[in-house]
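Data first, discussion second: the structure below is written as structure tokens.
The values are calculated or read from the model by the stated rules, or taken from the named source; none is laboratory data. A quick note: this is a predicted structure, and the numbers were derived from the prediction, not measured. Cβ coordinates were reconstructed from backbone atoms using ideal geometry, including for glycine residues, and neighbour counts include every protein chain displayed. Side chains included, ligands, DNA and RNA excluded: accessible areas come from the protein's heavy atoms. Shrake-Rupley method; radii C 1.70, N 1.55, O 1.52, S 1.80 Å.
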Amino acid sequence: MKFSIYRYNPDVDAKPRMQDYDIALEPTDRMLLDALIRIKEQDDTLSLRRSCREGVCGSDAMNINGKNGLACISKLADLKEPVVIRPLPGLPVIRDLIVDMSQFFKQYHSIKPYLQNDTPPPEKERLQSPADRDELNGLYECILCACCSTSCPSFWWNPDKFVGPAGLLQAYRFIADTRDLAINERLDNLEDPYRLFRCHSIMNCVDVCPKGLNPTRAIGKIKDLMVKRAV
Amino acid sequence: MAIAKRQFDAVVVGAGGSGLRAALHLAEANLKVAVLSKVFPTRSHTVAAQGGVAASLGNDGDDNWHWHMFDTVKGSDYLGDQDAIEFMCRKANEAVYELEHFGMPFDRTPDGRIYQRPFGGQTRNYGEGPVKRSCAAADRTGHAMLHTLYQRNVRAHTQFFVEWMALDLIRNQAGDVLGVVAMEMETGEVMTLQAKATLLATGGAGRIYSASTNAFINTGDGLGMAARAGIPLEDMEFWQFHPTGVAGAGVLITEGVRGEGGFLLNKNGERFMERYAPTVKDLASRDVVSRAMATEIKEGRGAGKDGEYILLKLDHLGAEVIDKRLPGIREIAMKFANVDCTKDPIPVVPTCHYQMGGVPTNMHGQVYVPDGANEKIVRGLYAAGECSCVSVHGANRLGTNSLLDLLVFGKSSAQQVIRDIEVDEAFPDLPADAADRSLARLARLDSATSGESVAEVGAEMRRTMQLHCGVFRFPDSLADGVRKMLAVAERVKHTFIKDKSKVFNTARLEALELDNLVETAVATMISAEARTESRGAHDRSDHHDRDDANWMKHTFWFKDGNRLQYKPVKLKPLTVESFQPKPRVY
């Protein structure tokens, strides 16, 4: 199977290049990650992140034939040859398929991604109805792979100012949690021309999310709450 | 060669569940803590845990910690230390409530309490029938837990060294541990991190087997570091084979599927677990179920073209229950087995999943070296989670006790660190050769101009483990396995990598990981060959029965000379009566 892979090692390369590989696969190689590991067995200089190989850790996000996704759950049979693999767009490349995700995590941290509730906890659990708990579905499952934020033009232009879909999805995860008491502070934190409102609902994030989540809808709900609060 | 040095009250190696739970407690106590992780914390392997965390909350039916303790002792096949097991089961409710207060998105019962489901080996009234003890967030409990713990650490301003790999422990003449030598993956820079307390929380080494549910990062780094520093590894012959890994792919299918009412079928459509475990059937403990499945396959009743797998049926639960309680499983079955599990069964096989053994610790996370029946504490060194052997899991871990283990002992080890260290005290001098071992390992890889590839030698190690030390073990095959593995260990010393770059050199990381894996593999093979009985996950064809007269004891493997030493199981709990060994029937 034929691959064309982005290569760049600042130690030796003056500039990035694309390298072609043509490799024989085993019948057990089903996913793109299996193929990348075969390639690495032959050429150990190819660098990429990977861990769980089942789509829950979020390590192996990359740009696959022009679309962001996780290598470990991208079926080889579905990919057009040569498969063109590039690092996630919009973030600085450290080496080959490994990008510097500092900006992405900085935005995640900026929404205060932890439950805020300063009332003394009860002896047992805080109660939450099944319906209220259901509000967290489609939010808490995010794996922070960055496929969404790095497919978003607003994030490409303003990664330092726009929180991006992943961070905003998590902002809403806490806003939607009946146990969290900091809704107002959370909305204040996003009330800004860039942090929330740079989202123009082009929905690239929804298109690429490997977990089938919908950041655009969560962002819409935050915007609704902003409006409601203003009137 | 002068290398940079930094000083911390505590260094935590690993940012999975136990590392994050410990770090949180240390950071909230205002200690200066550094947490090292090879991956961004939420990518640690705790993220892949599915079914739940055990606690006798009794949110749906009666339950209590003493029943939980009985199940855990019995599940361990009486190799677990009963003091530590009592400690863990009594702390379980508090640990889970704390997690809920941190924001963990548990599923809920109709009255708003934490949702609980049945799990293998977890019973009411000392084995009478299944109990709902597994506290769950759908089938993503580990993911929800790991993210919650990370988030709470963000709140506590814990200092993370993300994408740093710890290479070796620093020990002085007296045997005290004074910190670690570590490497920043992005730059290749090596640094010593001096610490008054070093906590290993590096997880398991399930990647020593070819067929494993484990992530690539599960390479037993803490075990390798300990072994090279002269610390023994305990009970390494005991590896859990999870009954339901996706055939061919190895990806985990939670026992929660059977907890919610799914069951196993052979090729004749027979629900065969009824023969092996008449009372709890498919919810027997994992060693029992895995052996039953392997027996069915061996005796020609496996499904598939070559009779190579068993079928996990859950379509009768209905799409609504599956989508609510097991949505991740539906996704995995679709992606990795091409099966819509709301219609067809999932092909599964027993797959290496969990390491019951590890670095010997007491229930406060303190690492020790056995001295007869006594425990000689290694000052400055602690371990928690899968890399440690407390021993609460003994010869077989019960499902959902691993997430509990890492919460309880992550916290208890942090509490012990706080008791042990004097924040105001000056740091002792580091030995002059503190970083030499690590630098020598790196220098060998940098200077080697030829040798075998890391991938080749690693594959040989995994094949050898799979072939010689699987679900069923045979004396001649184990002896062969020892010989082969010692040869593999020799080959590991002569591997070669083409990539000599300093920048995010993953070839070098994999070579360093193989150093750790092979220590684990050698320890496993040698410990398994020596234990001439069948207990829990260790099943020998020449000694079919448990031998309590001779083998109620823990194995300790020392790297130096591959020496083995033993220490009796602690049968005495903290406050209650002992559970005496009995035949194990489910």
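Before moving on, here are some points about what is shown:
- Subset of the range B:24-47 (residues that are touching a helix residue (DSSP H, G or I) at 6+ places or on another chain (Cβ under 6 Å), within 14 Å of chain A (Cβ to nearest Cβ) and among the aliphatic types (A, V, I, L, M)): B:24, B:47
- Residue check for residue B:477: among the hydroxyl-bearing types (Ser, Thr, Tyr) and open to solvent by 50 Å² or more (accessible area, probe 1.4 Å): no
- The lone criterion from (1) in a strand (DSSP E or B); (2) within 11 Å of chain B (Cβ to nearest Cβ) left unmet by residue A:20 is number (2).
- Criterion violated by residue A:177 - all others in (1) free of Cβ contacts under 8 Å to residues at least 24 places away in the same chain; (2) within 22 Å of residue B:108 (Cα to Cα) satisfied: (1)
- Some residue of the range A:188-201 being open to solvent by less than 70 Å² (accessible area, probe 1.4 Å), in contact with a helix residue (DSSP H, G or I) (Cβ under 6 Å, 6 or more places away or on another chain) and part of a helix (DSSP H, G or I): no
- Pairs meeting the criteria (first residue in the range A:211-231 and more than 30 Å from residue A:59 (Cα to Cα), second residue in a helix (DSSP H, G or I) and open to solvent by 30 Å² or more (accessible area, probe 1.4 Å), beta carbons under 8 Å, at least 6 apart or on different chains) are A:225/A:183; A:229/A:184.
- Hits in the range B:314-341 - residues which are out of contact with any Leu (no Cβ under 8 Å at 6 or more places or on another chain) and not in a helix (DSSP H, G or I): B:338, B:339, B:340
- Of all residues in the range B:262-276, those satisfying the criterion of being surrounded by fewer than 24 Cβ atoms within 10 Å (Cβ to Cβ) and either under 26 Å from the mean Cα position of the chain (by Cα) or among the polar types (S, T, N, Q) (or both) are B:263, B:266, B:268.
- Residues in the range B:129-147 that are facing chain A (nearest Cβ under 10 Å) and closer than 16 Å to residue A:58 by Cβ: 6 in all.
- Among the residues listed as B:219, B:254, B:244, the single one being in a loop (DSSP other than H, G, I, E, B) and touching a strand residue (DSSP E or B) at 6+ places or on another chain (Cβ under 8 Å): B:254
- Residue in the range A:155-176 that is part of a loop (DSSP other than H, G, I, E, B), within 18 Å of residue A:214 (Cβ to Cβ), open to solvent by less than 40 Å² (accessible area, probe 1.4 Å) and within 12 Å of another protein chain (Cβ to nearest Cβ) present: yes
- A count restricted to the range A:90-125 and to residues that are at the interface with chain B (Cβ under 9 Å from one of its Cβ atoms) and closer than 28 Å to residue A:15 by Cα stands at 7.
- Within the range B:549-562, being on the phi < 0 side of the Ramachandran plot and loosely packed, with under 15 Cβ neighbours inside 10 Å holds for B:549, B:550, B:560.
- Residues of the range B:28-62 satisfying the condition of being open to solvent by 30 Å² or more (accessible area, probe 1.4 Å) and either in contact with an Asp or Glu (Cβ under 9 Å, 6 or more places away or on another chain) or assigned to a loop (DSSP other than H, G, I, E, B) (or both): B:29, B:30, B:32, B:38, B:45, B:60, B:61, B:62
- If you go through the range A:47-83 and keep only what is facing chain B (nearest Cβ under 9 Å), part of a loop (DSSP other than H, G, I, E, B) and closer than 23 Å to residue B:337 by Cβ, you end up with A:50, A:51, A:52, A:53, A:54, A:55, A:56, A:57, A:58, A:59.
- Filtering the range B:401-415 to residues that are polar (S, T, N, Q) and more than 15 Å from residue B:70 (Cα to Cα) leaves B:402, B:412, B:413, B:415.
- For residue B:540, the requirement of being touching a residue at least 60 places away in the same chain (Cβ under 8 Å) and within 18 Å of residue B:241 (Cβ to Cβ) is met.
- Among the conditions (1) at the interface with another protein chain (Cβ under 8 Å from one of its Cβ atoms); (2) touching a residue at least 40 places away in the same chain (Cβ under 8 Å); (3) farther than 25 Å from residue A:134 by Cβ, the only one that residue B:114 does not satisfy is (3).
- Per-region count, the range B:366-411, residues surrounded by 24 or more Cβ atoms within 10 Å (Cβ to Cβ) and in a loop (DSSP other than H, G, I, E, B): 12
- Residue pairs meeting the criteria (Cβ under 9 Å; at least 6 apart or on separate chains; first facing chain A (nearest Cβ under 7 Å), in the range B:499-510; second assigned to a helix (DSSP H, G or I) and of a type in the set (S, T, N, Q)): B:499/B:506
- Residues of the range A:1-34 that are among the hydrophobic types (A, V, I, L, M, F, W, C), touching an Asp or Glu at 6+ places or on another chain (Cβ under 8 Å) and farther than 15 Å from residue A:96 by Cβ: A:1, A:25.
- Here residue B:414 clears all of (1) more than 20 Å from residue B:77 (Cα to Cα); (2) open to solvent by 10 Å² or more (accessible area, probe 1.4 Å) except the condition numbered (2).
- Criterion violated by residue A:9 - all others in (1) open to solvent by less than 30 Å² (accessible area, probe 1.4 Å); (2) within 19 Å of residue B:216 (Cβ to Cβ); (3) in a loop (DSSP other than H, G, I, E, B); (4) in contact (Cβ under 8 Å) with a residue 24 or more places away in the chain satisfied: (2)
- One residue stands out in the range A:118-134 among those that are buried (at least 17 other Cβ atoms within 10 Å of the Cβ) and touching a residue at least 12 places away in the same chain (Cβ under 8 Å): the one that is nearest to residue B:140 (Cα to Cα), namely A:128.
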